[in-house]
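First comes the structure, then the notes that go with it.
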Amino acid sequence: MQEEMKVGYCKFITISTDSQMQSMEWRTRLGAHWSFLSDKGRMIQKELDIKEYTDPEHDPMIPHTIVLEPELKIYKIYNGYWYWGRPTPEEIKQDFRSVSQKIRPDWDLSDPYVKEQWKKENKAFFYPYKD
């Protein structure tokens, strides 16, 4: 799914309580091309109060998947510990679709208002001309 995310200008980041070496080993095993960050000091776990309390020996975090909008605004949180609580690839795609639709005023090029903006040469209204 990581190749599809690139096309949509989206990114994944994985944060774990594993050491940097363990995180990189997981990344390699998965064939992942996104960032894996190590929070061995458990700063995020403590700040977000997501300690996995049933495993005091390893002291991991409760798994969360957080979908963010621009400016790091939270759009949706999945916090399923077990398989069925985690988002499916399709759910992630739909979330990214909803976020993109929400932030791009030129989402629907058939919208008369959008067409009017183009005719007025209001290029700032359209991606990638916006910046």
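The values are calculated or read from the model by the stated rules, or taken from the named source; none is laboratory data. These numbers were taken from a predicted model, which means no experiment stands behind them. Cβ: placed from backbone, ideal geometry, glycine included. Neighbour counts: every protein chain shown.
Details
- Residues of the range 5-32 satisfying the condition of being assigned to a loop (DSSP other than H, G, I, E, B), more than 14 Å from the chain's Cα centre (by Cα) and either among the basic types (K, R) or at negative phi (or both): T17, D18, S19, A32
- Checked across the range 45-67, the condition of being closer than 30 Å to Y129 by Cα and modelled with pLDDT of 90 or more holds for at least one residue.
- Yes/no for Y83 being over 30 Å from V7 (Cα atoms), of a type in the set (F, W, Y) and either more than 12 Å from the chain's Cα centre (by Cα) or at pLDDT below 90 (or both): no
- Condition met for M5 (surrounded by 11 or more Cβ atoms within 10 Å (Cβ to Cβ), of a type outside the set (S, T, Y) and at pLDDT below 90): yes
- Considering (1) under 14 Å from the mean Cα position of the chain (by Cα); (2) not in a strand (DSSP E or B), the lone condition that K40 does not fulfil carries the number (1).
- Qualifying residue in the range 54-72 (condition: assigned to a helix (DSSP H, G or I), surrounded by 11 or more Cβ atoms within 10 Å (Cβ to Cβ) and more than 12 Å from the chain's Cα centre (by Cα)): no
- Qualifying residues in the range 104-131 (those that are modelled with pLDDT under 90 and outside any loop (DSSP other than H, G, I, E, B)) - the one farthest from the chain's Cα centre (by Cα): K123
- Positions within the range 77-103 being of a type in the set (S, T, Y) and either loosely packed, with under 12 Cβ neighbours inside 10 Å or in a loop (DSSP other than H, G, I, E, B) (or both), in sequence order: Y81, Y83, T88
- Verdict on Q117 being more than 18 Å from M5 (Cβ to Cβ) and polar (S, T, N, Q): yes
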